[in-house]
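Student: Dropping a structure here in structure tokens format, bear with me for questions.
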Amino acid sequence: MSAAPPPLTLTQVAAIGENKGPTLIAVSALFIAICTVTVALRFAARASRSMKFDWDDWMSAVSLVLVILYCVTCIISVPYGVGKHTWAADPTEVWRIMEIAYFNALIYFTTHFFIKISILLFYKRIFTLNVKWFKWCVYALGVYTVGWYIGCFFAAMLQCVPPSLFWERFKPDGDMSGVCAVDNPALVISSSALNTVGDVLIFALPLFMLWQLQLKKSHKYALILVFATGAFAVAAGCVRLDSSVQAIELDADTTWITADIYMWTAVEAGVGLICACLPVIGPLFGLVKDRVSSYIISRSSKRGLRASTSDEESKIGYKSASGRPSNVSSSRDSRSAPSVENVGMAHSSPVPRPTQSGAGARGIVRTDEYSCESRPRVEPSSPV
């Protein structure tokens, strides 16, 4: 018969209601949304330039599926006690937490593998491989990533034989037949550390090539900034590593710290995927910016043209015998008027009245265009 747990301290009683579960759910949902939009924009950017999708694009799509899967498993773990303090969690549900943790470890390694391969394939496609040192660095990092993935994946999968023993041993009536031969704390620390080293090397590699490009300094710095965003993924990996070290201590508050590990793993994977897509999405932002600028300029030009036309029309009008100008809206109005006098600009000098007599010299003067000349008043002729 198992011994009864020790009584809670005053500090534990005060903290019994604390729960990081809602925060874990929010972070997971946030990165599901952000990563989905980011990968969608990546494919939209390629399609907008009528470019076929390449291997790095498809690898990013696989990475998105894995990031979503990881975040979903994190959300599922919350009702079983992840995010609560160990003394507040239900001890009969611990085996479920361990079962989710087992599959999360496999998803973690696979997700980072595909993200890294997507980035390396992008380097191979974009940067010239005529630079030997860069080419060999890309290949070497590819070998490093494959070796890291194979070693960590199978070590995690086979740390217990059969694998179900990893969580069955935490059941009150679980099947204890089998053996767990892999040192789990050593696996957790070494895999996280090697993953962080790989992130640093992969995200730092293009900075040397970008610095040598013949570009304006502003463009060069912008590109460097895009690739340097990988530093956020590296920082998240370091925080995750620190949380993993805390979780393997004998008196660790495991369910509480596990929430931190899951959160920072989601951040690390999500930011890594975003960094893999940003260089591809960049031209799409430029295209949208150009179209928006063209639309604004076009609208401004039309408003300026209408204002200019209105000003010109306000200067054109009829001038009556008393000298009062009246606005002329169109040539159609001039044809319907009984008598037309001095059609044109108000400040035009009058043209001398013609001295020719006869019906042919008289009548209504009609015009279809605005003119800057002054015309004489013409009286209708009397019958002969």
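Student: If r is the Cβ-Cβ distance from Asp54 to Ile189 and R0 is 35 Å, what FRET efficiency results, to the nearest 0.05? It would help to have the intermediate numbers written out before the result.
Tutor: Values: r = 36 Å, r/R0 = 1.02.
About 0.45, to the nearest 0.05.
Student: Would you tally the net charge around Ile117, using a Cβ to Cβ cut-off of less than 15 Å, leaving Ile117 out, and scoring K and R as +1, D and E as -1?
Tutor: Cβ neighbours under 15 Å give a net charge of -1.
Student: For the pairs Lys84/Lys116; Lys124/Lys220; Lys52/Lys217; Lys84/Lys171; Lys116/Lys171; Lys52/Lys216, flag any whose C-alpha to C-alpha distance is greater than 27 Å.
Tutor: Lys84/Lys116; Lys52/Lys217; Lys116/Lys171; Lys52/Lys216
Student: Viscosity 0.890 mPa s, temperature 25 °C: Stokes-Einstein D of the range 92-218 from its Kirkwood Cα radius, in µm² per second?
Tutor: Result for D is 144 µm²/s.
Student: Trypsin sites (Lys or Arg not before Pro), restricted to the range 142-243: which are DSSP loop and have at most 16 other Cβ atoms within 10 Å?
Tutor: For trypsin sites (Lys or Arg not before Pro) across the range 142-243 that sit outside H, G, I, E and B with at most 16 neighbouring Cβ atoms in 10 Å, the list reads Arg169, Lys216.
Student: Set the Förster distance to 41 Å, then compute FRET efficiency between Ile16 and Asp175 from the Cβ-Cβ distance, nearest 0.05. It would help to have the intermediate numbers written out before the result.
Tutor: Details: r = 33 Å, r/R0 = 0.79.
So the FRET efficiency works out to roughly 0.80.
Read-outs: derived from the displayed coordinates by stated rules, not from any lab. Computed from a predicted structure; not experimentally measured. Glycine also receives a Cβ, built like all others from the backbone with ideal geometry; neighbour counts cover every protein chain displayed.
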